């Protein structure tokens, strides 16, 4: 049956071309016949009769924020408490003093407790 529809489609296309050349038949009529016959021939052969295209652009800040919020909502709340540091943070001046070959930090150093 697919072969028959294929023949009809080819015949309609040939007649469409001839009709267009002679200006005798409305091209719309033969165009519809050839389109339907082509569609049916493809369908009966198991080939694609339609094409669907899906495009995805670059994510927007809104879509990223939405996805992040969804992920955050899925997280369980942790039953934890913040730990206190065991020692005070080291200052920049103390770091400088520990460098090899470093001398004492001047008393007017902006982040340090200079030693004279």
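What follows is calculated from the coordinates using simple rules that are stated; it is not laboratory data. None of the values given here were measured: they were computed from a predicted structure. No Cβ is skipped: glycine too gets one built from the backbone with ideal geometry, and neighbour counts run over all protein chains shown.
Report which label in [x] 16.3; [y] 23.2; [z] 15.4 holds the value of Kirkwood radius over Cα pairs in Å derived from the coordinates of this structure.
Entry [y].
Points 7 angstrom from Cα along the Cβ direction at residue 68 and residue 39: gap in nanometres?
Label-label distance for residue 68 and residue 39, simple model: 4.7 nm.
Please compute the contact order of the chain in relative form: average sequence separation of alpha-carbon pairs under 8 Å and at least six residues apart, divided by the residue count, as a percent.
Once normalised by length, the contact order is 16 percent.
Okay, helix-only estimate at 222 nm for the chain: each DSSP H run of n ≥ 4 adds -39500 (n - 2.57), divide by all residues, round to 500 deg cm²/dmol; what do you get?
Value at 222 nm, helices only: -17000 deg cm²/dmol.
Please check: in the Gaussian network model of the chain (C-alpha springs, under 10 Å), which one of 99, 75, 83 has the largest mean-square fluctuation.
The residue that fluctuates most here is 99.
Restricting to Cα atoms and excluding each atom paired with itself, what does the Kirkwood estimate give for segment 26-75 in Å?
Computed over Cα pairs of segment 26-75, the Kirkwood hydrodynamic radius comes out at 15.3 Å.
Quick one: among 60, 49, 91, which has the greatest mean-square fluctuation in a GNM of the chain with alpha-carbon springs under 10 angstrom?
Evaluated over the chain, the most mobile residue of the options is 91.
Is any residue of segment 32-50 close enough, with backbone N under 20 Å, to a label point placed 7 angstrom from the Cα of residue 2 along the Cα-Cβ axis, and if so, which?
Flagged as within label range: 34-50.
At 0.36 nm per residue, minus the direct Cα-Cα distance, what do residue 78 and residue 47 gain on full extension? Give it in nm, one decimal, please.
Length gained between residue 78 and residue 47: 5.7 nm.
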